[in-house]
Amino acid sequence: MVYPLPTHEGKRQSPSVSANVGRGIWQCFGCGASGNLIEFAARMEGLKPDNPDDFRKAALLLHKTFGGRDGGEREKPKAIPKEERLERSAEEDLEGDPSVVVNAPLDFELQRLEQDHPYLRERGFTLETIKAFGLGYCHRGLMKGRIAIPLHDKEGALIGYAGRIVDEKAIGKDTPRYLFPGSRERNGTRHEFRKSAFLYNGFRVWNPSQLVVVESFTAVWWLTQAWIMNVVALMGASCSETQAGLLRDLVPEDGSIWLFPDGDKAGERMAEETLAMLAPYRFVRWVKLEEGKQPTDVAREDLLARLPVA
């Protein structure tokens, strides 16, 4: 259905607004305004959606009014990729098990990584950026043939390496695009790795007034190279409850969180899921990309126009 926008300056009786509750979006065809349903609720209540306090008030009002109701048909939850379902299930199984340690610090570092590798340089990353993130091509061991990516917990301790395969043709069922640390036994203790338990680059961000959240490692490198320094990655198209808590802890109550996912269905799901978990507590903005685009496709000048520098 199409209705007049309450805050539209044109004729009140001329139909101009369309809202899709299932997707959580709305648009005014008269004045061009658009956004998510929290922003629409803010307008309906006479609040300013660009004001963090007003945005939070609208989110809390929606939660109070609709969040606890039972009965009626509910929208079918969007499918979560198998890999993410398995990790969430594994996390629940590990809770309270004293014989299991998750994301324990490593007692070694990979040596002799090739930092000036064509895979990184041909994608526009400078040697300064590559060195800053400790990246490099690995010639031996489990990470052979991959770009090794150091992973740190929120205190900055090295907890593992992710490996991005260089040969795209080799990607398959037994050769994933990204390889993450697996389980290992040591002195009777089982060590597990969970990427959903931390934020990539989170240890480099300290009490930011504005924080950008992306999906991928490469997006973090690309934005940082454009001098958008306060950026973290979820390392996938899903935000865990632990990661949502870490995001709230990083950003002060009067701060803002900017979601900058890929321009595809997975990115849309990531934004909607993360927005729902964070909007009642922080001002959240979803910066949308064109269909099929990724943050690394956006030029520096455009990034600086769309996103906060600090």
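Things to note:
- Matching residues in region 287-310 - criterion: being β-branched (V, I, T) and open to solvent by 60 Å² or more (accessible area, probe 1.4 Å): V309
- Test for G267: is it of a type in the set (G, A, S) and over 19 Å from L199 (Cα atoms): no
- First in region 187-206 and of a type in the set (V, I, T), second anywhere and open to solvent by 30 Å² or more (accessible area, probe 1.4 Å) and assigned to a strand (DSSP E or B), Cβ under 6 Å, 6 or more apart: T189/V101
- Within region 110-123, residues that are within 24 Å of D297 (Cβ to Cβ) have Cβ atoms under 6 Å from residues that are part of a loop (DSSP other than H, G, I, E, B) in these pairs: Y119/V166, counting only partners at least 6 apart in sequence or on another chain.
- Verdict on L289 being over 11 Å from V214 (Cβ atoms), at pLDDT 95 or above, out of contact with any strand residue (DSSP E or B) (no Cβ under 9 Å at 6 or more places or on another chain) and hydrophobic (A, V, I, L, M, F, W, C): no
- If the condition is being over 25 Å from Q115 (Cβ atoms) and polar (S, T, N, Q), then region 154-201 contributes S183, N187, T189, S196.
- Residue check for V166: of a type in the set (V, I, T), closer than 30 Å to S256 by Cα and either open to solvent by 20 Å² or more (accessible area, probe 1.4 Å) or under 20 Å from the mean Cα position of the chain (by Cα) (or both): no
- In region 147-163, the residues that are farther than 20 Å from E192 by Cβ and either modelled with pLDDT under 95 or open to solvent by 10 Å² or more (accessible area, probe 1.4 Å) (or both): G156
- Being open to solvent by 100 Å² or more (accessible area, probe 1.4 Å), of a type in the set (D, E, K, R) and either in contact with a Cys (Cβ under 6 Å, 6 or more places away or on another chain) or modelled with pLDDT of 55 or more (or both) holds for only one residue in E75, E114, E109, E95, and it is E109.
- Note on region 192-286: enclosed helices (runs of 4 or more DSSP H) holding 2 or more residues that are open to solvent by 20 Å² or more (accessible area, probe 1.4 Å) and in contact with a Ser or Thr (Cβ under 7 Å, 6 or more places away or on another chain) are 217-225.
- Positions within region 117-141 being under 19 Å from A233 (Cβ atoms) and open to solvent by less than 20 Å² (accessible area, probe 1.4 Å), in sequence order: L120, F125, T129, I130, F133, L135, G136
- Taking the criterion of being farther than 22 Å from G245 by Cβ and hydrophobic (A, V, I, L, M, F, W, C), the only residue of region 178-220 that qualifies is L179.
- Of the criteria (1) surrounded by fewer than 14 Cβ atoms within 10 Å (Cβ to Cβ); (2) touching a strand residue (DSSP E or B) at 6+ places or on another chain (Cβ under 8 Å); (3) at positive phi, which one K144 fails: (3)
The values are calculated or read from the model by the stated rules, or taken from the named source; none is laboratory data. If you're wondering where the values come from, they're calculated on a predicted model, not measured in any experiment. Heads up, the Cβs are rebuilt from the backbone with ideal geometry, glycines too, and the neighbour counts pull from every protein chain shown. Only protein heavy atoms, including side chains, enter the accessible area calculation; ligands, DNA and RNA are left aside. Shrake-Rupley method; radii C 1.70, N 1.55, O 1.52, S 1.80 Å.
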